[in-house]
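Single-structure report; data block below.
The values are calculated or read from the model by the stated rules, or taken from the named source; none is laboratory data. Please read these numbers as outputs of a predicted model, since none were measured by experiment. Quick note on the areas: whole protein, heavy atoms, side chains included, nothing else; ligands and nucleic acids left out. Shrake-Rupley method; radii C 1.70, N 1.55, O 1.52, S 1.80 Å.
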Amino acid sequence: MGNSTGSTVDDLQAVEMHLWYKKFMTECPSGQLTLHEFKQFFGLRGLDSEANAYIEQMFRTFDMNKDGYIDFMEYVAALSLVMRGKMEHKLRWYFKLYDVDGNGCIDRHELLNIIKAIRAINGHENQEGTAEDFTNGVFDRIDINGDGELSLDEFVAGARTDDDFMEVMMKSLDLTHIVAMIHNRRHSV
């Protein structure tokens, strides 16, 4: 274990994984995170209906085996993707998250509800421009074929070229407070 310069990358990942495991098991001793515990885990309380629906969709997306719980491996996979994943993988995951009805495309209503929820969760409901204006702008810029729906290809390509949309997506799953809690616990142990 280790080398002459200290910890190897694998050692650091093992330490980090152990911290994630401790955090997960502290917050969820059963080893299976329910939707209610998920909201508590991320400090999400008192949400409006749109924000609540977004969080429930996020939970369902993290629950990869669709058993109604997020286990530690699903938790690690989600954190790893969000924190370290390649942009292509992140964008595909966001597409799946935003495609609420699972029909393989994102319509204006789905995106509008997501934008409203993100603003409510992040406390930015009163941003310059309405959620409707933002949504319409995104569709005007990235709905290449003009059919009122974003395919996976349009979504990925559009997100890569639309800085405003990319910024909203990256902030929609800002886990810096979770990472900070994990690091604070590491220093206090």
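Only protein heavy atoms count here; on that basis, with a 1.4 Å probe, LYS96 has an accessible area of about 100 Å². Taking all C-alpha pairs of the range 87-174, those more than 15 Å from each other amount to 54 percent.
The share of Cα pairs per 5 Å bin across the range 9-84, counted from zero up to the longest distance, runs 3, 15, 24, 25, 17, 10, 4, 1, 0 percent. One quarter of the surface of the convex hull around the alpha-carbon atoms of the range 35-156 equals 7.9 nm², the direction-averaged projected area.
Candidate cross-link partners of LYS96 among the lysines, defined by an alpha-carbon separation under 25 Å and a same-chain spacing of 8 or more, comprise LYS39, LYS66, LYS86, LYS116, LYS171.
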